[in-house]
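Single-structure report; data block below.
The values are calculated or read from the model by the stated rules, or taken from the named source; none is laboratory data. Owing to the predicted nature of the structure, the values given are computational and were not obtained by experimental measurement. Quick reminder, even Gly has a Cβ in these numbers, built from the backbone with ideal geometry, and neighbours come from all protein chains shown. Heads up: the accessible areas ignore ligands, DNA and RNA and are worked out on the full protein's heavy atoms, side chains in. Shrake-Rupley method; radii C 1.70, N 1.55, O 1.52, S 1.80 Å.
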Amino acid sequence: EILKLRMPLAEKVAELLQELNRDFMPAFNEELIREVIAEIGALNEEIAQTLATHRDQHADPYISTNVVVHHAAIERNKAVCIAYLKDRMRRIQRLRWEFDDNPPEDVIKQLSEKGEGEFLMNYDLLLEQYMKNVGLDLTKDQIPPKDLLIEVRVLKDCILKSSDGKTQSLTASTTHFLRRTDVEGLIRQGLLEHVL
Amino acid sequence: MAVSDKSAVLQLRQAWINERQSPELLQYKDALVEHIMNRLQQQKEDLQPTEENDPDQQFMLNLYKLEIERVEYLLRSYLRTRLHKIDRFYQYILTSEDESEREKLSPHELEYAMKYSKLITKQLNTSFLQFLPKSAISREEGAKPNLSSYVICRALESHGDVEVNRFDHQTVNLLKDDIFLLSYDSIRGLLIEDKVELI
């Protein structure tokens, strides 16, 4: 007896990875994840049914192959979803390193509120705690330092907290000669521009 | 530890290079990092009270400050590189049967790794795993560092024959200052003993 396979097998899930190839942070595809979860459930049911219906035939190659192929599809669906979620988490971590505590709105709205928004927040706390324990801000000097002081042009009004404790407000379209360590965060966030 | 500043910075620089070039996490240089951080703190305090109007003195001051920043860069990059590897290999590090994998981490790094692991797991569960049928859940393996990847190394002392190919037992003769491109696992032991350095 030849059993039919539930086709298509683990096809939709590939779309998740294609999204990640196109954009840095595509909108969280909750819908597709739900569809894949449903497919896994259905495949699991299919396997249970097959094993129950053909209880004495588990050694029969037609039966066992059917089960194995469906099981492989479940594993593939799982692996791709986990890869999708993990890669997004890595990209979210990069947001913290790029933008400190000021990530751009249009990227944040792409994150899943409950899972990913919370992940960003908790990762931020975790990183802060580690840096505090070590006694060094690791987000500084992401590029090897060449000069002590650099000239910057202010692109948008912002506040500068310098390493000697003073706070200074910077107005757009002005230029200043400031310590690189103090301003590199603001440059990364796009508020200042390094004048070369 | 009566180590000159110059020597400490050179050691840090080599530790940094080794860490960047090696495929796996190396042993944390606890004493070295602590020593350098103390010296940096001291240097900063020494420079603090000086309010210089003399442009030549101001220039010297700026040179000192820049040097401090350069050393801080090494320190930050060293720690960042390690953190990055911990992020990639946290599952392997935390669940390995080999206890030495965890001993490579500083206490702060170990704490970070455990909490990081929980964060990742939480998000995977919340967004996906909790919705799957029980029978479909299995322990997934984390990425392992590829110890066969190739590195460029320099022999710090003459060591004689080192086996570079498990299958045909080919060896190379390491003389002091020789530079070789080898698979990391051939020199892994020598690196731990500081008999080679990576470049």
If you check residue A:48 against the conditions, is it open to solvent by less than 60 Å² (accessible area, probe 1.4 Å), assigned to a helix (DSSP H, G or I) and without any contact (Cβ under 8 Å) to a residue 12 or more places away in the chain?
yes
Of these, A:56, A:106, A:137, which one is out of contact with any Lys or Arg (no Cβ under 9 Å at 6 or more places or on another chain) and closer than 30 Å to residue A:196 by Cβ?
A:106
Of the residues B:42, B:57, which is closer than 24 Å to residue A:133 by Cα and modelled with pLDDT under 95?
B:42
Determine which single condition residue B:138 fails, assuming it passes every other condition in (1) assigned to a helix (DSSP H, G or I); (2) at the interface with another protein chain (Cβ under 9 Å from one of its Cβ atoms).
(1)
Matching residues in the stretch A:65-81 - criterion: being open to solvent by less than 60 Å² (accessible area, probe 1.4 Å), away from chain B (no Cβ under 14 Å) and not aliphatic (A, V, I, L, M):
A:66
Any idea which of A:84, A:62 is closer than 30 Å to residue A:5 by Cα and either open to solvent by 10 Å² or more (accessible area, probe 1.4 Å) or assigned to a loop (DSSP other than H, G, I, E, B) (or both)?
A:62
Which of the residues that make up the stretch A:113-128 are open to solvent by 60 Å² or more (accessible area, probe 1.4 Å) and more than 8 Å from every other protein chain (Cβ to nearest Cβ)?
A:113, A:121, A:125, A:128
Please find, among B:163, B:69, B:103, B:109, the residue that is open to solvent by 40 Å² or more (accessible area, probe 1.4 Å) and either closer than 19 Å to residue B:16 by Cα or facing another protein chain (nearest Cβ under 10 Å) (or both).
B:103
Residue in the stretch B:112-136 that is modelled with the highest pLDDT, counting only those that are over 20 Å from residue A:117 (Cα atoms) and exposed (fewer than 12 other Cβ atoms within 10 Å of the Cβ):
B:134
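Here is a yes/no grid of residues against (1) on the phi > 0 side of the Ramachandran plot; (2) over 28 Å from the mean Cα position of the chain (by Cα); (3) exposed (fewer than 11 other Cβ atoms within 10 Å of the Cβ):
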residue	(1), (2), (3)
B:149	no, no, no
B:158	no, no, no
B:167	no, yes, yes
B:177	yes, no, yes
B:181	no, no, yes
For residues in the stretch A:138-158 being part of a strand (DSSP E or B) and modelled with pLDDT of 90 or more, which is surrounded by the most Cβ atoms within 10 Å (Cβ to Cβ)?
A:152
If you go through A:85, A:136, A:170, the only one that is more than 30 Å from residue B:115 (Cβ to Cβ), among the hydrophobic types (A, V, I, L, M, F, W, C) and either in contact (Cβ under 8 Å) with a residue 12 or more places away in the chain or within 14 Å of another protein chain (Cβ to nearest Cβ) (or both) is A:170
Going through (1) more than 13 Å from chain B (Cβ to nearest Cβ); (2) out of contact with any Asp or Glu (no Cβ under 6 Å at 6 or more places or on another chain); (3) of a type outside the set (Ser, Thr, Tyr) one by one, residue A:26 fails only at (2)
